[in-house]
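For reference, the structure is listed below as structure tokens.
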Amino acid sequence: MSPTKMNQFRDLNLIEPIVKAVEAEGYTLPTPVQKQAIPIVLSRQDLLACAQTGTGKTAAFALPILQLLTEKRTPVGPPAVPGIRVLVLTPTRELATQIGESFTNYGRELRIRNTVIFGGVGQNAQVNALRRGVDIVVATPGRLLDLMNQRLIRFNGLEIFVLDEADRMLDMGFIHDVRRVITGIPKQRQTLFFSATMPPEISKLSAQILTKPVRIEVTPVASTAEKVSQAIYPVDAGKKTSLLVELLKDPKVTRSLVFTRTKREANRVAEALLAVGIGAAAIHGNKSQSAREKALAGIKTGATRVLVATDIAARGIDIDDISHVFNHDIPNIPESYVHRIGRTARAGNAGIAISFCSPQERSFMRDIERLIRQEITVLKTPEGLSNEAHKPRQGWRPVGGSGRGRPAPNARSGGRPGGRAANRPGENRYSSSNSFANSSATSSLIRR
């Protein structure tokens with residue numbers, strides 16, 4: 001059957017228990033990455049998939065893996081093949097937990113056991129789960145290496161290795177740990193490699209660990225979801241949180257993600273929202289595992305209306321029905337913008353992405369528009385916003401020629417110490433003083 005005719009999960013040659021489990025989760029139509037990846041994995045070929053967050057890639061490897069493991073099971077009795085058969089390596093605790101939950105939910109009618117391994121908690125419960133026997137291990141690199149070095153985990157019978165979010169592994173400095181893990185698993189295996197982007201080092205790694213892979217590419221990183229309405233509010237840095245509070249007064253903002261550049265800023269914004277009675281929680285790498293889990297549970301159940309996060313902490317977080325994404329700080333890496341706003345408008349729903357652009361961030365915004373090949377609507381900023389006690393990180397200044405947000409040397413800041421980088425052509429479009437931003441005819445997307 002051709003990929004174009006694979007309109008339902010039943011058309012992908014998945015066994016009935018898996019199809020029923022998927023339908024029980026509320027899904028009937030596979031996403032493009034699932035249509036392409038599932039037949040490749042079932043044919044036991046290596047896979048190189050360029051797919052960003054929100055495309056359904058977890059199910060794209062989880063469903064066929066469950067089926068492949070089931071095909072080697074005996075009808076009754078204990079598992080036919082003891083030991084760990086699948087390793088999924090992923091960068092964050094949250095993503096590892098969610099992948100583990102996916103395997104559990106999709107395999108509810110199967111006798112396939114999985115466990116999740118990550119740091120930040122004691123290892124005893126994880127070691128005990130390994131000793132009881134599991135088929136699938138979902139792990140972050142650090143804790144997995146710890147257990148491997150202690151000889152508490154072995155991969156002698158490993159059949160499938162999944163490297164998920166490979167580019168984020170690189171961003172987080174885990175790439176050397178990933179290479180160490182790979183040296184400790186069998187060379188004869190099926191490898192599934194997922195990455196939103198393909199920087200040179202990730203491309204090199206894929207070439208080293210894949211054997212005659214089939215390559216698929218879904219939603220290039222420069223693409224944004226069609227149903228995401230995007231807008232910019234020009235605003236001074238010190239007034240951003242006041243603007244956020246103002247916009248959150250709208251009841252249509254039912255469940256939102258707010259992105260900040262730093263962990264400290266995430267804490268400050270969450271505390272400011274709580275101080276005015278808005279349910280909010282911050283999530284980032286300095287939070288304990290229990291605090292991170294509490295924050296995620298709060299936003300998922302509706303107890304918390306706003307989750308404030310850094311890019312790294314939010315990568316892989318899967319939260320349904322996000323109505324709005326707010327870029328409290330504009331990302332200095334344009335691709336991060338695409339990942340951020342991809343948190344809304346999932347599963348065919350519409351969503352809204354609002355960015356707060358200070359004068360110091362105009363070059364970042366210009367880089368984003370160049371990447372996504374479109375101009376984003378500039379809205380009129382409400383008047384009377386309070387100026388909170390807020391100071392940007394010292395030395396943080398957009399570099400006139402790059403927009404990458406690194407401290408600007410004198411030669412690139414107008415040629416004098418402490419000089420501001422000159423605006424590039426078109427950047428005045430993001431100024432609150434421009435006629436379009438202040439036009440009374442500009443309607444706020446927040447009210448849609």
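Where a number appears in this text, it was derived from the coordinates with a stated rule and is not lab data. On a predicted model such as this, the values are computed, not experimentally measured, just so you know. So basically every Cβ, Gly included, is an ideal-geometry build from the backbone, and we count neighbours across all protein chains shown.
Points worth noting:
- Listed values for the stretch 151-162 are Karplus-derived 3J(HN,Hα) couplings in whole Hz (6.51 cos²θ - 1.76 cosθ + 1.60, θ = phi - 60°), namely 6, 9, 9, 10, 10, 4, x, 5, 10, 9, 10, 10, and x replaces Gly and Pro.
- Over all directions, the projected convex hull of the C-alpha atoms in the stretch 128-183 averages 4.1 nm² in area.
- Total formal charge among the other residues, if their Cβ is under 13 angstrom from that of LYS204, Lys/Arg +1 and Asp/Glu -1: -1
- Using bins of 10 Å that start at zero, the share of Cα-Cα pairs per bin across the stretch 3-218 amounts to 8, 36, 38, 16, 1, in whole %.
- Each Lys and Arg adds +1 at its Cβ and each Asp and Glu adds -1 at its Cβ; summed about the Cα centre, the stretch 285-369 shows a dipole of about 260 debye.
- Pairs from LYS249/LYS287; LYS239/LYS380; LYS240/LYS263; LYS227/LYS252 whose Cα-Cα separation, in the structure shown, is over 18 Å: LYS249/LYS287
- Each label point was placed 7 Å from the Cα along the Cα-to-Cβ direction; for ILE312 and SER386 their separation is 3.2 nm.
- Taking a straight Cα-Cα cut-off under 27 Å and skipping sequence neighbours fewer than 8 places away in the same chain, the lysines within cross-link reach of LYS187 are LYS57, LYS72, LYS204, LYS212.
- Highest average first, the peptides 331-338, 282-289, 58-65 ordered by how many other beta carbon atoms sit within 10 Å of their residues are 58-65, 331-338, 282-289.
- For the stretch 149-283, the residue among ALA280, VAL181, ALA207 whose Cα projects farthest onto the positive side of the dipole built from Cβ charges is VAL181.
- The stretch 3-218, relative contact order in percent, only Cα pairs under 8 angstrom and at least six apart counted: 28 percent
- For SER355, the amide hydrogen comes within under 5 Å of the amide hydrogens of ALA231, ILE232, TYR233, ASN327, counting only partners 5 or more places away or on other chains and with H modelled in the peptide plane.
- Legend: ranking of residues ARG143, ARG179 from fewest to most surrounding C-beta atoms inside 10 Å; resulting order ARG179, ARG143.
- Low-density loop positions, trypsin sites (Lys or Arg not before Pro), the stretch 327-377 - DSSP coil, at most 13 other Cβ in 10 Å: ARG373
- Rounded to whole numbers, the Karplus 3J(HN,Hα) couplings from phi for the stretch 234-245 are x, 7, 5, 4, x, 10, 5, 5, 4, 5, 4, 4 Hz, using 6.51 cos²θ - 1.76 cosθ + 1.60 with θ = phi - 60°, and x at Gly and Pro.
- Exposure proxy ranking, count of Cβ atoms within 10 Å, fewest first, for VAL121, VAL253, VAL33, VAL138: VAL121, VAL253, VAL33, VAL138
- Backbone geometry of the stretch 285-296 corresponds, through the Karplus equation with coefficients 6.51, -1.76 and 1.60 at θ = phi - 60°, to 3J(HN,Hα) couplings of x, 7, 6, 5, 4, 5, 5, 5, 5, 5, 5, 5 Hz, x marking Gly and Pro.
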